[in-house]
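All remarks here apply to the structure that follows.
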Amino acid sequence: MIKTNENKISIRYNRPALANYQLDALFNDSRYGIVEASTKAGKTAACLVWIIEQALQGKSGQGFWWICPVYGQAKIAFRRLKAGLPRESYNPNESDLTLTLINGARIVCKSAEKPDNLYGEDVFAAVFDEASRAREEAWHALRSTLTATRGKVRIIGNVKGRKNWAYKLARKAESGEPGMSYQKITAYDAIDAGILSEDEIEDARRQLPDNVFRELYLAEPSDDEGNPFGMIAIRDCITPMSNEEAVVFGVDLAKSVDWTCVIGLDKENRVCVFERFQKPWNETIETVRRIVGNIKTLVDSTGVGDAVLESLQKDGRSNFEGFKFTSQSKQQLMEGLAVAIQKQTIGFPEGVIANELESFEYEYTRTGVKYSAPSGMHDDAVCALALAASMASKPVFEFKVYESSSEPIYW
Ligand SMILES: Nc1ncnc2c1ncn2[C@@H]1O[C@H](COP(=O)(O)OP(=O)(O)O)[C@@H](O)[C@H]1O
Ligand SMILES: [Mg+2]
């Protein structure tokens with residue numbers, strides 16, 4: 001900051017080194033800049049620079065907004081903004097996530113959870129981060145705050161299916177609508193720019209189902225609306241209920257609201273037993289033991305499931321093994337099932353199982369990919385199927401003694 005005379009203060013600002021795609025995507029004259037990009041390609045970082053520059057060109061009292069789908073992300077953006085600015089250049093208000101810059105302009109970080117709270121103020125420029133994961137109403141609200149000011153906005157995020165406002169807006173921008181710019185950034189662009197490492201991408205490609213990888217790293221929308229298994233792949237696995245004997249079982253235990261679900265697979269990995277019920281624990285234990293007999297069974301042993309597993313194992317029933325659901329173990333379990341479905345090495349009948357698979361969703365979070373049923377729907381059949389498939393793919397160790405009279409004892 002250099003004071004030149006009584007009324008004029010000159011602010012000197014060094015823009016951090018950004019990749020060309022970051023500059024092209026955001027630092028242009030368009031009023032609406034839409035970016036569909038790989039995760040970790042530097043969307044958020046470049047937009048933080050952009051909003052700071054917008055605010056530094058603003059005037060005292062003017063508001064500049066940063067919007068994220070949930071409050072936790074707004075807090076992270078606030079922390080990153082502070083980290084990117086010299087301490088003497090802003091005044092923070094931690095409770096309303098506002099930074100007042102030396103020129104008096106305010107950068108406010110907000111969550112899109114309650115769109116009604118976004119109405120009412122005049123906003124001079126804004127960023128909507130992770131737009132495809134936020135409600136359309138929040139965009140309508142933000143848009144209204146930019147009307148009087150004719151403020152610019154940058155809308156950034158991963159792609160997530162085709163049924164959301166960010167996808168539709170991106171198609172409009174891509175088709176050359178006046179005032180809009182569009183940029184797609186893949187993980188390979190980020191590798192070329194030295195922001196992402198190739199190893200990391202190859203690891204993600206190996207770990208994730210193909211359609212998930214394509215959305216998250218190649219910015220290619222899936223037709224599966226966030227379904228990790230793939231709609232066509234699910235259909236391709238549908239086969240009538242098998243009449244063969246079960247060789248493995250998966251058991252998902254009812255927790256608060258859902259069902260206990262038992263699924264058996266035959267030696268070809270086709271569903272041959274499918275039972276769902278809601279009973280008190282003692283009856284649940286009895287029923288499961290009756291259905292599975294002495295066949296190998298993987299049981300959800302999370303929380304109360306631990307005690308249930310112990311009861312199942314009573315009297316030396318060693319065919320029961322436990323599986324503890326954590327966000328990480330669930331991710332691995334579901335990815336195993338996704339691979340089986342995509343390779344068609346598993347079969348299941350029409351009805352509850354196929355329906356639950358079709359409505360299953362994944363969501364990218366900071367800690368990994370989260371798999372679950374949409375709120376209000378069940379995933380017990382998906383979990384039981386995944387447990388059975390996991391049990392079926394476990395290697396079997398066989399131990400046999402070959403008597404040999406010619407082997408000398410060497411100890
Ligand atoms: N131009 C750049 N040069 C070096 N590192 C960068 C650059 N842009 C972003 N990064 C780094 O890459 C990582 C991911 O950036 P981020 O903006 O959080 O990605 P995204 O929002 O696309 O998931 C961060 O650690 C960030 O500091
Ligand atoms: Mg980001």
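Only the coordinates and a few stated rules stand behind these numbers; no lab work does. Keep in mind it's a predicted model, so treat the numbers as computed, not measured. Reconstructed Cβ throughout: ideal geometry from the backbone, glycine too, with neighbour counts over all protein chains shown.
Quote the convex hull volume per residue of the stretch 142-254, based on C-alpha atoms, as a whole number of Å³.
208
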### Query
Short version: ³J(HN,Hα) in whole Hz for each residue of the stretch 78-87, in order, from phi by Karplus 6.51 cos²θ - 1.76 cosθ + 1.60 (θ = phi - 60°), x for Gly and Pro, what are they?
4, 5, 5, 4, 4, 5, x, 10, x, 4
#### Entry: Under 12 Å, Cβ to Cβ, from residue 243 - net charge with Lys/Arg +1 and Asp/Glu -1
-3
### Task
Please figure out what share of the DSSP beta bridges in the stretch 253-411 is antiparallel and state it in percent, rounded to the nearest 5.
70
### Inter-site label distance for residue 135 and residue 311 at 7 Å from Cα along Cβ, in nm
4.1
### Stokes-Einstein D in µm²/s, Kirkwood radius over Cα pairs - the chain at 20 °C with 1.002 mPa s viscosity
87
### Message
To make sure I understand, if each residue's beta carbon is the centre and we count other beta carbons within 10 Å, what order do 284, 147 fall in, fewest to most?
### Response
147, 284
## Note on the structure
With -39,500 (n - 2.57) per DSSP H segment of 4 or more residues and division by the full residue count of the chain, the 222 nm estimate, nearest 500 deg cm²/dmol, is -10500 deg cm²/dmol
## Note on the structure
Counting all Cα-Cα pairs in the stretch 231-393, those more than 26 Å apart amount in percent to 21
### Message
Could you compute the net charge surrounding residue 121? Neighbours are other residues with a C-beta less than 14 Å from the C-beta of residue 121; K and R count +1, D and E count -1.
### Response
0
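Tell me the relative contact order for the stretch 231-393 as a rounded percent, counting alpha carbon contacts under 8 Å between residues six or more apart. Walk me through the numbers on the way to the answer.
Numbers: 297 pairs, mean separation 52.5, N = 163.
Relative contact order, the stretch 231-393: 32 percent.
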### Task
In nm, give the distance between the simple-model label positions of residue 94 and residue 171, each being 7 Å from the Cα along the Cα-to-Cβ direction.
4.6
### Message
Can you compute the FRET efficiency between residue 355 and residue 162 using 1/(1 + (r/R0)^6), with r the Cβ-Cβ distance and R0 = 22 Å? Round to the nearest 0.05.
### Response
0.55
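With 29 Å as the limit, write out which pairs from 163/394; 279/343; 75/160 have Cα-Cα distances beyond it, or answer none.
Check vs 29 Å cut-off fails for 163/394; 279/343.
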### Task
Report the relative contact order of the stretch 22-180, percent, no decimals, based on alpha-carbon pairs under 8 angstrom and at least 6 residues apart.
30
### Query
log₁₀ I(q)/I(0) of the stretch 2-195 at q = 0.09, 0.10 Å⁻¹, via Debye over equal Cα point scatterers, no solvent, to two decimals?
-0.31, -0.39
#### Entry: Furthest towards positive pole of dipole, 377, 355, 391, structure part the stretch 353-403, Cβ charges
391
### Spatial separation of Cα centroids for the stretch 7-28 and the stretch 327-343, in angstrom
43
### Task
Give the percent of DSSP beta bridges with both residues in the chain that are antiparallel, rounded to the nearest 5.
40
### Message
Using only Cα atoms and rounding to the nearest 10 degrees, what angle (0 to 90) does helix 43-56 make with the longest principal axis of the chain?
### Response
20
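Out of the GluC sites (Glu not before Pro) in the stretch 312-364, which ones are loop residues according to DSSP with at most 12 other C-beta atoms within 10 Å?
Passing both the DSSP loop test and the Cβ count: 350.
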